[in-house]
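I have placed the structure first, in the form of structure tokens, so that the comments after it can refer back to it.
The values are calculated or read from the model by the stated rules, or taken from the named source; none is laboratory data. Just so it is clear, the structure is predicted and the values come from calculations on it, not from any experiment. As a convention, Cβ positions derive from the backbone with ideal geometry for all residues, glycine included, and neighbour counts pool all protein chains shown.
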């Protein structure tokens, strides 16, 4: 049965497990793809246009914003980052699901865009603030100052939990992963996303008509 794709927004404070859940979700269904962002920063060694990012000049990026061709965008440390609407719209039309790893601000922009009806937004919470900090320290990648900054940002991010369709408390990775997969499976089956249903039901009615003439 033909269906329209999902625009999956996955958000969380750093350390809550969002990236791990995203990887597991795409391993469960390899047809799910990360949305490729556009940026005005220069490519780094080994990066390819259209794979890691769509690399744009500042003028081109601003022109895309003015033309309404960005689902969401933000300026970070002097460079623009954003999600071009065209590739996402094409994927959804052909029944492919797109995964967005963005914060609450980007999520708001996407939900308010022309593709807002396709959004399934999911926020991942840690089981406790103590556990969140322990996970950040367990990475052994950041200084105490960086961790403190991430913790301050986490409080602001968590305050936006009620803006999302689903909220998962990631206290057990296996259980949370199973619930996430269940959400995606259920959302795919929504009546309004089953674009082939009208034709299928017309076929059933045609069968009734054929039987009535016998």
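Contact map, region 27-52: first residue touching a residue at least 12 places away in the same chain (Cβ under 8 Å) and on the phi < 0 side of the Ramachandran plot, second residue in a loop (DSSP other than H, G, I, E, B) and loosely packed, with under 12 Cβ neighbours inside 10 Å, Cβ cut-off under 9 Å, separation 6 or more or different chains; pairs are 36/50; 36/51; 40/57; 40/78; 41/77; 41/78; 52/44; 52/46. Criterion first (under 13 Å from the mean Cα position of the chain (by Cα), within 17 Å of residue 9 (Cα to Cα), surrounded by 13 or more Cβ atoms within 10 Å (Cβ to Cβ) and at pLDDT below 95) does residue 101 satisfy it? Yes; evaluated as a whole, the condition is true for this residue. Would you confirm whether any residue within region 140-156 is on the phi < 0 side of the Ramachandran plot, assigned to a loop (DSSP other than H, G, I, E, B) and modelled with pLDDT of 95 or more? So far as region 140-156 goes, no, none of its residues is on the phi < 0 side of the Ramachandran plot, assigned to a loop (DSSP other than H, G, I, E, B) and modelled with pLDDT of 95 or more. When residue 30 is tested against (1) in contact with a strand residue (DSSP E or B) (Cβ under 9 Å, 6 or more places away or on another chain); (2) closer than 23 Å to residue 8 by Cβ, only condition (1) is not met.
Within region 83-93, one or more residues are within 23 Å of residue 31 (Cβ to Cβ), free of Cβ contacts under 8 Å to residues at least 40 places away in the same chain and buried (at least 16 other Cβ atoms within 10 Å of the Cβ).
Listed conditions (1) more than 17 Å from the chain's Cα centre (by Cα); (2) exposed (fewer than 13 other Cβ atoms within 10 Å of the Cβ); (3) under 30 Å from residue 133 (Cα atoms) are all met by residue 80, apart from (2). Taken over region 190-214, residues that are touching a helix residue (DSSP H, G or I) at 6+ places or on another chain (Cβ under 9 Å), part of a helix (DSSP H, G or I) and surrounded by 11 or more Cβ atoms within 10 Å (Cβ to Cβ) amount to 2. State whether one or more residues within region 177-189 are assigned to a helix (DSSP H, G or I), surrounded by fewer than 13 Cβ atoms within 10 Å (Cβ to Cβ) and touching a residue at least 40 places away in the same chain (Cβ under 8 Å). Scanning region 177-189 turns up no residue that is assigned to a helix (DSSP H, G or I), surrounded by fewer than 13 Cβ atoms within 10 Å (Cβ to Cβ) and touching a residue at least 40 places away in the same chain (Cβ under 8 Å). Selection of region 111-135 for residues being modelled with pLDDT of 95 or more and within 26 Å of residue 55 (Cβ to Cβ) yields only 115. Selection within region 132-150: residues that are touching a residue at least 24 places away in the same chain (Cβ under 8 Å) and within 16 Å of residue 172 (Cα to Cα). The member of this set that is surrounded by the fewest Cβ atoms within 10 Å (Cβ to Cβ) is 135.
Scanning region 27-45 for residues that are closer than 22 Å to residue 77 by Cα and surrounded by fewer than 12 Cβ atoms within 10 Å (Cβ to Cβ) gives 42, 44, 45.
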